[in-house]
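Bear in mind these aren't lab numbers, they're just calculated from the coordinates by the rules spelled out. Bear in mind the structure is a predicted one, so any value in this text is a computation, not a measurement. FYI the Cβ positions are ideal-geometry reconstructions off the backbone, even for glycines, and counts take in every protein chain you see.
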Amino acid sequence: MKEPILVLEGINKHFPGVYALKDVTFDMYPGEVHALLGENGAGKSTLIKVIAGVHRPEAGTMRLDDKLVSFSNPREAQEHGIATIYQELGLYPELTVAENIFMGHAPKRRIGFVDVVDWRTMEERALELLAELNIHDLDVRRKVGTLNVGNRQRVEIAKALSLNARILIMDEPTAALTESDVERLFTIVQLLRERGVGIVYISHRLQEVFDLADRVTVLRDGTYIGTQQVSDTSESELINMMVGRTIDNLFPKMESQIGDVVLEVKNLTREPDTRDVSFSVRAGEIVGMAGLVGSGRSETAQAIFGVLPLQSGQIFVNGKRVHISHPSDAVAHGIAYLPEDRGLQGLVKEMTLRENTTMAVLKEVSDNYFISRKRERQFAQNAIEQLNIRATGPEQIVNKLSGGNQQKVVVSKWLASAPKILIMDEPTRGVDVGAKAEIHRLMSQLAAERGLAILMISSELPEILGMSDRVLVMRHGRIAAEFSRDEANQAVVGTAMMSEQLLNGNADQTQPAPTESATP
């Protein structure tokens with residue numbers, strides 16, 4: 001029987017005001033994919049940073065090949081064969097693929113009395129490493145900044161191999177990938193497993209755990225809950241382990257009184273992403289917008305909100321035509337937009353919850369030219385209570401909140417502006433299963449109790465099917481199909497997303513939009 005390559009026992013890590021890890025146990029075998037699960041704030045990131053040498057634990061032991069080790073920094077961990085690929089990739093965009101792979105350990109050759117980088121050898125070795133991963137379509141001289149996310153991630157994996165990594169930690173590796181890139185990543189993970197590399201795999205997508213992992217360990221509130229063979233567990237059991245309760249209804253859709261049309265768009269066009277798009281959303285209605293990556297969903301939302309200027313088309317709010325050329329125009333007409341990337345577009349993460357919550361209503365919290373912190377705190381405290389935001393208070397820095405709570409802050413910011421229309425782009429991306437249920441419940445309440453008209457864009461079909469009163473499907477920048485809640489199911493919506501014929505019988509004359517190749 002194989003011996004574990006890595007064993008952690010009794011790991012404790014404390015930060016000011018919180019215990020991030022309390023008596024945590026974890027181990028890893030060669031050639032194993034070991035999934036690490038837990039809600040945001042459960043301690044997953046802290047644990048992998050302990051393994052990777054970013055944090056030093058205050059108590060506990062770590063053994064590598066049955067030898068006691070303690071890392072003072074990430075370089076020491078790398079020298080022991082541990083590599084980490086974080087969700088935010090740490091590559092240099094202005095350097096080439098080969099330069100990034102061998103950053104810090106480039107092959108050298110001597111000229112006279114001086115050692116210089118051996119560029120030819122470096123590029124040859126980079127090609128060899130990529131070939132080991134069955135990657136034959138990456139130009140090693142190409143700047144990394146010109147690559148798509150999937151290819152940048154492959155560069156990170158090749159970099160790990162160049163360091164002779166025996167343990168590879170992957171933190172939410174599929175969060176920003178297209179479906180084809182996810183398939184390529186899974187193939188690479190299988191190749192690494194066959195080479196005997198142990199992989200620590202963190203993901204909020206439970207299906208990936210069942211597709212890839214051999215074992216799964218669950219953390220909750222910084223404590224070790226248990227380890228299971230994936231073949232011996234179920235999705236409901238893992239959810240129960242993660243949140244400490246069963247989530248019987250992940251999609252708590254409330255019955256809503258559907259009212260009059262609040263938002264109507266006609267023939268919106270912004271080539272090449274949005275082409276002749278027309279649809280409506282009624283008061284109290286959640287309209288789900290499905291489609292593959294690149295279908296034009298987010299671009300349509302951004303055009304409505306004034307982020308992207310339209311070439312043609314009309315927008316109506318409560319039956320009156322409005323002209324939107326800037327997000328401030330959209331806000332003035334009662335439209336709110338939760339962007340796909342909350343970190344870059346929805347929040348100023350270095351600022352407090354108080355400051356973020358009132359960012360869209362500065363006039364309401366100001367006396368002439370001065371902002372009233374008292375009013376700001378009132379807004380923020382109301383948001384904390386109404387949306388159940390888990391924070392120490394209005395003055396907590398948003399960057400210290402979990403992903404689900406950050407998303408609630410974005411919601412609270414726009415609810416403060418009393419919108420009539422709420423556009424939510426990937427509302428639960430990157431949040432754990434418990435936070436997903438809370439956000440879904442909030443959406444349902446906003447529609448049913450406040451009568452908001454909600455346009456929800458999502459890449460997750462279960463979310464689309466579970467939360468929508470109507471489903472729109474986009475393909476190649478156009479509305480390809482529309483289904484009522486009763487008509488919509490995974491088969492017909494999935495077919496509409498990928499089929500080249502409209503399901504309502506009208507041929508789609510649009511030529512397929514060019515897809516991003518492995519080397520864009």
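Exposed loop sites are taken as trypsin sites (Lys or Arg not before Pro) in a DSSP loop (any state but H, G, I, E or B) with at most 16 other beta carbon atoms within 10 Å; the longest stretch of the chain without one runs 3-140.
Computed from label points 7 Å out along Cα-Cβ, the spacing between Arg321 and Arg450 is 3.0 nm.
Please identify the GluC sites (Glu not before Pro) of the range 236-304 that satisfy two criteria: DSSP loop assignment and at most 10 other Cβ atoms within 10 Å. Which are they? Walk me through the numbers before you get to the answer.
Working: sites: Glu237, Glu255, Glu264, Glu285, Glu299; in loops: Glu255, Glu285.
When the GluC sites (Glu not before Pro) of the range 236-304 are filtered for loop state and at most 10 Cβ neighbours within 10 Å, Glu255 remain.
Over what distance in Å are the Cα centres of the range 36-74 and the range 1-30 separated? The distance from the Cα centre of the range 36-74 to that of the range 1-30 comes to 6 Å.
Projected label points at Glu179 and Lys266, each 7 Å from Cα along the beta carbon direction, are separated by 3.4 nanometres. Normalised by the number of residues in the chain, the mean separation of alpha-carbon contacts (under 8 Å, six or more apart) gives a relative contact order of 15 percent.
Quick check on the chain: take the gyration tensor over C-alpha atoms, sort the square-rooted eigenvalues as a ≥ b ≥ c, and tell me if it's rounded (a/c under 1.5), prolate or oblate.
Numbers: a/c = 1.75, a/b = 1.43, b/c = 1.22.
Judged from the Cα gyration tensor, the chain comes out prolate (a/c at least 1.5, a/b above b/c).
Listed cross-link partners Lys49/Lys349; Lys108/Lys143; Lys22/Lys400; Lys13/Lys67; Lys320/Lys408; Lys159/Lys349 are compared with a 23 Å cut-off, the Cα-Cα value being larger for Lys320/Lys408; Lys159/Lys349.
Decide, for the range 1-154, between rounded, prolate and oblate: order the square roots of the alpha carbon gyration tensor eigenvalues as a ≥ b ≥ c, take rounded if a/c falls under 1.5, and otherwise choose prolate if a/b is larger than b/c, else oblate.
Details: a/c = 2.06, a/b = 1.83, b/c = 1.13.
Cα axes put the range 1-154 in the prolate bin.
With the cut-off at under 16 Å, measuring from each backbone N in the range 16-53 to a point 7 Å along the Cα-to-Cβ line of Asn399 picks out 16. Annotation for the range 178-232 versus the range 110-131: alpha-carbon center distance of 34 Å.
Segment Arg63..Ile111, full-extension length gain: 13.1 nm, with 0.36 nm per residue of separation and the alpha-carbon distance subtracted.
Charging the Cβ of each Asp and Glu at -1 and of each Lys and Arg at +1, and nothing else, the dipole of the chain about its Cα centre rounds to 1320 debye.
Placing a label point 7 Å from the Cα of Ser234 along the Cα-to-Cβ direction, the residues of the range 208-222 with a backbone N closer than 18 Å are 208-211, 216.
Can you give the FRET efficiency for Asp276 and Met351, using 1/(1 + (r/R0)^6), R0 = 45 Å, r = Cβ-Cβ distance, to the nearest 0.05?
On the way: r = 40 Å, r/R0 = 0.89.
For R0 = 45 Å, the calculated efficiency reads 0.65.
In this structure the amide hydrogen of Ile423, modeled in the peptide plane, comes within under 5 Å of the amide hydrogens of Ala336, Tyr337, Leu338, Leu455, none closer than 5 places in sequence on its chain.
On a full-extension model of 0.36 nm per residue, what is the gain between Gln386 and Leu89, subtracting their alpha-carbon distance, rounded to one decimal in nm? Mind showing how you got there, number by number?
Working: separation 297, 0.36 × 297 = 106.92 nm, distance 3.52 nm.
Going from the current span to full extension adds 103.4 nm.
Using the Cβ-Cβ distance between Lys143 and Arg120 with R0 = 25 Å, the FRET efficiency computed as 1/(1 + (r/R0)^6) comes to roughly 0.85.
For the residues Met443, Met424, Met351, what sequence is obtained by ranking on other C-beta atoms within 10 Å, fewest first? Intermediate values should be presented prior to the final figure.
Working: Met443 24, Met424 28, Met351 13.
Listing Met443, Met424, Met351 from fewest to most nearby Cβ atoms yields Met351, Met443, Met424.
Annotation: the residues Leu219, Leu212, Leu191, sorted from fewest to most other C-beta atoms within 10 Å of their own C-beta, follow the order Leu191, Leu212, Leu219. If the segment from Asp329 to Asn368 were pulled out straight at 0.36 nm per residue, it would be longer than the present Cα-Cα gap by 11.9 nm. State, to one decimal in nm, how far the label point of Asn489 lies from the label point of Ala418, with both points 7 Å from Cα in the Cβ direction. The answer from the label model is 4.5 nm.
Let me know the shape class of the range 119-182, please: from the alpha-carbon gyration tensor, a ≥ b ≥ c as square roots of the eigenvalues, rounded when a/c is under 1.5, otherwise prolate if a/b is greater than b/c, or oblate.
Working: a/c = 2.03, a/b = 1.29, b/c = 1.57.
Because a/c hits 1.5 or more and a/b fails to exceed b/c, the range 119-182 counts as oblate.
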